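Enquirer: Once you've had a glance at the structure underneath, I'll fire off some questions.
The values are calculated or read from the model by the stated rules, or taken from the named source; none is laboratory data. Since the model is a prediction, treat every value here as computed from it, not as a measurement. Don't worry about glycine lacking a Cβ; one is built from the backbone with ideal geometry, like all the others, and counts go over all protein chains shown.
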Amino acid sequence: MQPPVVFAGSLVVLMSIAGPASAQRPPVRGLLGTTDRTAMDASISVYGGLDQTRRHDRVGTLARRRDNGGRHGGLTAGVSLKQPLGGLSFNVSGSGSLQYYPGPVPLDLVDHNTQGTISIAAPVGRRASVSLTQTVSEASFYNFDGAAGTTIRALDDFERPSSDSRLGEGRSLRYDLGGRLDRRLGRTGTLGFEYGLGYATFPGDAIDFAAQHGGIRFEHAPTRDLSFRWGYAYERGRSGPGPSHDLHRLDIGPTYRKPLTLSRRTTLTATAGAAAVTVQTDAEARLVLRLIAAVSLGHQLGRTWSLSADYRREPQMDELYRNPTSADAISLALRGAASRRLSLTMMAGAWRTRLDAGRGPVGYQSLFGSASTRIVLAGAMGLLVEYSYYDFDASSAPASGVVASRLGRHSVRAGLNWSLPLLTSTQ
């Protein structure tokens, strides 16, 4: 299967929209000129680092261990553009990174990844809005982030490939497309329609995943803190050779969001639903019912610090296995600024999946964590220091010839970062 090729043309069209500012309005400054309607920012990071990787592979009943990594240098660059045009809103962003390992292992000499995203949003009449997002990423390795959920992910949740979570060696490609239409009904109701597709491939068709989904949802919010959802979504996916599989989501249940009585700085958000998943066996296809739940807890620490905790349970189409899986994921995050020049971010989490929509054995489980700090040195230049940890364990799942059955990685980096406003706006 070949990925859709609608991204490149849209990128050319959107980039060509950014023109000179109107002379009738007061200009503002930017490195590439003046404008009062366009905002473009760029970021560049140059760093050095050290990582240690222990990888276990299984071929049949045999197991082997490989240790690699070491000293490396890296360069990361990104550009984002926001362009309003009438009632339309355009967001375009792109990034790329390169890591060089000066070691004797040829496969680890160079790692690279690139990613681009286009988002378009527009009002439809006075009570409706439509949005469309496309994302393409390419990397010299296979990256898998189970905490991000399915390959078809929320429009603003896409994570670009990261070499810290690489599981296989060789070129990989991902494509995601998502669209949504929302219309307000009365003062308290909203009717929404959504569609999405995802594609992921790895050399030799070892991983060849494709899925599509569509759904409809009505939401009624009788109060500011409580709303009720009635929705249905259908998803069809295929991973590797073999039949396609179906996932029916019944998004029926409440959403509760309210500051807790004991502390107005703490906010709780909870949702619940159900799903019916088809699981293919050698003899038949079975229908499995599963619970969907998500809980989020946020707490504001002073004026500049925030603490958050999230838990999610849901069935999902998984590109690593033939049948859908059932996933549990939890994450913690602490973010804040110790001073005007010093900021700190710490994150940690874990996830686990079970095969056959939760009726089978554990498919894989993983732990991840990171801590980073940025110190403003002068103007747009800052010093970045980062540590990350990634552990992936699929030793109890069916063996794969290209994805590690178990992997652990520690990484430390330090370098300089520049954030540059290329075109800015005060409007």
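Enquirer: Kindly list, by first and then second residue, each pair from a residue in the range 404-415 that is touching a residue at least 24 places away in the same chain (Cβ under 8 Å) to a residue that is surrounded by fewer than 21 Cβ atoms within 10 Å (Cβ to Cβ) and of a type in the set (Val, Ile, Thr), limited to pairs with Cβ atoms under 6 Å and residues at least 6 apart or on different chains.
Expert: Every condition considered, the pairs that remain are 409/53; 414/385; 415/46.
Enquirer: Now, a different point. Among the residues of the range 51-102 satisfying the criterion of being modelled with pLDDT of 85 or more and hydroxyl-bearing (Ser, Thr, Tyr), which is farthest from the chain's Cα centre (by Cα)?
Expert: So, considering only residues that are modelled with pLDDT of 85 or more and hydroxyl-bearing (Ser, Thr, Tyr), the one farthest from the chain's Cα centre (by Cα) is 89.
Enquirer: Still on this structure, please answer the following. Among the residues of the range 301-346, write down those that are in a strand (DSSP E or B) and either within 30 Å of residue 244 (Cα to Cα) or without any contact (Cβ under 8 Å) to a residue 12 or more places away in the chain (or both).
Expert: 311, 312, 313, 314, 315, 316, 325, 326, 327, 328, 329, 330
Enquirer: Moving to a separate point now. Give the range 180-210 a look and list any residue that's in contact (Cβ under 8 Å) with a residue 60 or more places away in the chain and either in contact with a His (Cβ under 9 Å, 6 or more places away or on another chain) or within 30 Å of residue 259 (Cα to Cα) (or both), or say none.
Expert: 197, the sole residue that qualifies.
Results for (1) at pLDDT 80 or above; (2) in contact with a Phe, Trp or Tyr (Cβ under 6 Å, 6 or more places away or on another chain); (3) surrounded by fewer than 13 Cβ atoms within 10 Å (Cβ to Cβ), shown as yes or no for each residue.
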residue	(1), (2), (3)
208	yes, no, no
222	yes, no, yes
228	yes, no, no
233	yes, no, no
259	no, no, no
277	yes, no, no
281	no, no, yes
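Enquirer: Within the range 304-349, restricting attention to residues that are among the hydroxyl-bearing types (Ser, Thr, Tyr) and within 19 Å of the chain's Cα centre (by Cα), which residue is surrounded by the most Cβ atoms within 10 Å (Cβ to Cβ)?
Expert: 325
Enquirer: Which of (1) touching a helix residue (DSSP H, G or I) at 6+ places or on another chain (Cβ under 9 Å); (2) among the aromatic types (Phe, Trp, Tyr); (3) modelled with pLDDT of 90 or more does residue 364 not meet, given it meets every other one?
Expert: (3)
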